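Below: the structure, in structure tokens.
The values are calculated or read from the model by the stated rules, or taken from the named source; none is laboratory data. Only a predicted model underlies this, so the values are computations on that prediction, with no experimental measurement involved. Reconstructed Cβ throughout: ideal geometry from the backbone, glycine too, with neighbour counts over all protein chains shown. Side chains are part of the model used for accessible areas, which takes the heavy atoms of the whole protein and leaves out ligands, DNA and RNA. Shrake-Rupley method; radii C 1.70, N 1.55, O 1.52, S 1.80 Å.
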Amino acid sequence: MIARHSLQIIILIFAAAVCRQDGGKGGTAKSDDLGPQEFKKLFDKIIPKAQERWQKIPWRIDLLEAREVSYQSKKPIFLWAMNGHPLGCT
Amino acid sequence: MPAATDIWFFEHTRDPSGDFYRKVVTQREGMEEAIESKNTTQGFYILDPDGKLYSSWNKRGGELLKTKLKEVLQKYKAPSHGKAEEYNSRIDRRPPKGSTVVEVYAKITDADYGGNEPNIEQKAYRDSLGRDHLWITKAETATIAHGKMPKSVANRIARYHLNDFTRGEPPIWNLPEIVQCDMRLEPDPKGYKLTGEVELAAGNHERHYSAKLYGLIESDRDRITRFDVIAKGVFNGHGAHTKVYAPPGDFTLVIGFKLAPPGEASETPPEGVTDAGGYLKE
């Protein structure tokens, strides 16, 4: 009986250790189930289907080109300057 | 004339575009000191092409933006035509000629933030989608188009793109922080199937990502016509600029890749490009 209990405890400790390696504090964090079906599901979820409104603005990413166009069009430059590119990783 | 830029480039370069940027921002109160002390100059600026600053601010909000634009348009006087200086090609951060540009997205799909209901700002950070670009050179593109994954591309994806950029700029992974980086292509009915395993660890596993990759790649002669790839894995840790609202403990981070459409915005340089040579090297 004691041996059986000890075995159960060992199994529980082992299972907890395995879960910790895979999930840790996040609980359900996973990486082991990426096949064709999961790929399609995640791809549909992560990749935007359509452009967002800010993406439809004809941004210039070259400041000197923006100056040239501003001279020609007689319109001011609206500059969005960020640590990390505003159209990219921010 | 809407323009968008990463200020790192201008704050660190001594070329006509950097000179022009500094000329503009130093007209804003306190900015001269900000540049000297390496504080941020980020924000919104409305200027004429000679560099005269009409308005600047660093608070977000659509109504504020509309008000500022209206104010400037009422008083704006366009200067007579001048000529913008040539761009300095040594520090040009455009994609190399003939290269493939891939959009990269990052999203946290599963995390345990504790029991509290998030406020609006926390929810926005938790739901945010990170955006970046991956560059693949012309030669690397041809190699992939013929069914081989170059080590340089695998390393570039791992070091610069398999990261949590959902809340700002994370530190890139250094080469020794790549514990494992295996990516392979196998023939598929329409092209190639990409599979892979990557493990990245910084410090004493203070920042860690262990991910699997799966994707479908199609090509036409030397061109890539499809680059649909997903990386999914367990991430933990954060960088100095990504710690705000970072999930505690492990969380599931998914990175998605898709060929970028043609256009100016697709030429936005990858976050890891402080000079194109380093980003494209390994």
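Ranking request for peptides B:134-141, A:54-61: highest mean number of other beta-carbon atoms within 10 Å first, then the rest in descending order.
The densest-packed peptide leads the list: B:134-141, A:54-61.
With +1 on each Lys and Arg Cβ and -1 on each Asp and Glu Cβ, and nothing else charged, work out how big the dipole of chain B is about its Cα centre, in Debye to the nearest 20. Spell out each step's value before the answer.
On the way: 40 positive and 42 negative charges, 126 e Å.
Computed about the Cα centre, the dipole is about 600 debye.
Determine the share of the stretch B:167-282's accessible area contributed by carbon and sulfur atoms, expressed in whole percent, with a 1.4 angstrom probe. Spell out each step's value before the answer.
Working: 2510 of 5090 Å².
Carbon plus sulfur share of accessible area: 49 percent.
Skipping prolines and chain starts, which residues have an amide H placed within reach, meaning under 5 Å, of the one on B:THR268, given they are 5 or more residues away or on another chain?
So B:THR268 has HN proximity to no qualifying residue.
At 1.4 Å probe size, what's the solvent-accessible area of B:ILE120? Round to the nearest 10 Å².
The accessible area of B:ILE120 comes to roughly 150 Å².
Other chains near B:15-22: what is the mean number of their Cβ atoms within 10 Å of each residue's Cβ?
If you average over the peptide's residues, the count of other-chain Cβ atoms is 2.
Calculate the dipole size of the stretch B:134-241 relative to its Cα centre from +1 charges on Lys and Arg beta carbons and -1 charges on Asp and Glu beta carbons; express the result in debye to the nearest 20.
Taking the Cα centre of the stretch B:134-241 as origin, the dipole is about 220 debye.
Normalised by the residues of the stretch B:97-165, what does the relative contact order come to in percent, with Cα pairs under 8 Å and at least six apart?
It comes to 45 percent, rounded to a whole number.
Suppose a student asked you for the relative contact order of chain B, using Cα pairs under 8 Å spaced at least 6 residues apart; what percent would you report?
For chain B, the relative contact order is 18 percent.
What is the mean number of Cβ atoms from other protein chains located within 10 Å of the Cβ atom of each residue in peptide B:202-211, rounded to a whole number? Can you show the working numbers first?
Values: counts 0, 0, 0, 0, 0, 0, 1, 1, 5, 2.
Partner Cβ neighbours, averaged per residue: 1.
Sorting check: for B:96-108, B:68-80, B:155-167, which peptide has the highest mean count of neighbouring beta carbons within 10 Å, and how do the rest follow? Provide the component values of the computation, followed by the final result.
Values: B:96-108: 19.3, B:68-80: 11.9, B:155-167: 24.2.
Sorting B:96-108, B:68-80, B:155-167 by mean packing, highest first, produces B:155-167, B:96-108, B:68-80.
If each of B:ASN204 and B:ILE120 carries a label point 7 Å out from its Cα toward its Cβ, how far apart are those two points in nm?
Distance between label points: 4.3 nm.
Towards the positive end of the charge dipole of chain B, with charges on Cβ (+1 Lys, Arg; -1 Asp, Glu), say which of B:ILE108, B:ALA139, B:ALA201 has the farthest Cα.
Towards the positive end, the residue furthest out is B:ALA139.
Ignore the peptide's own chain and count Cβ atoms of other chains within 10 Å of each Cβ in B:131-138; give me the average, rounded.
That works out to 2 on average.
Using modelled amide H (1.01 Å from N, peptide plane; none on Pro or chain starts), what sits under 5 Å from the amide H of B:VAL179, excluding residues fewer than 5 places away?
Distant-sequence amide H within range of B:VAL179: B:GLU199, B:LEU200, B:ALA201.
Calculate for chain B the 222 nm mean residue ellipticity that helices alone would give, adding -39,500 (n - 2.57) per DSSP H run of length 4 or more and normalising by residue count, nearest 500 deg cm²/dmol.
One gets -6000 deg cm²/dmol as the mean residue ellipticity at 222 nm.
Of the peptides A:40-52, B:142-154, B:225-237, how do they stack up when ordered by the mean number of other Cβ atoms within 10 Å, highest first? Each step should come with its number before you reach the end.
Numbers: A:40-52: 12.6, B:142-154: 17.5, B:225-237: 22.8.
Answer by packing, highest mean first, reads B:225-237, B:142-154, A:40-52.
Take the cross-link list B:LYS212/B:LYS243; A:LYS40/B:LYS151; A:LYS40/B:LYS190; B:LYS107/B:LYS258; A:LYS45/B:LYS212 and give me the ones stretching past 21 Å between alpha-carbons.
B:LYS212/B:LYS243; A:LYS40/B:LYS151
How much length, in nm to one decimal, is gained on full extension between B:LYS77 and B:SER266, taken as 0.36 nm per residue of separation minus their Cα-Cα distance? Could you put the intermediate results ahead of the total?
Working: separation 189, 0.36 × 189 = 68.04 nm, distance 3.20 nm.
Contour length minus Cα-Cα distance gives 64.8 nm.
Treat each spin label as a single point 7 Å out from the Cα along the C-beta direction, and report the B:ARG226 to B:ASP182 distance in nm.
Distance between the two pseudo-spin positions: 2.6 nm.
Dipole size in debye (nearest 20) for the stretch B:179-282 around its Cα centre, Lys and Arg Cβ +1, Asp and Glu Cβ -1?
It comes to approximately 220 debye.
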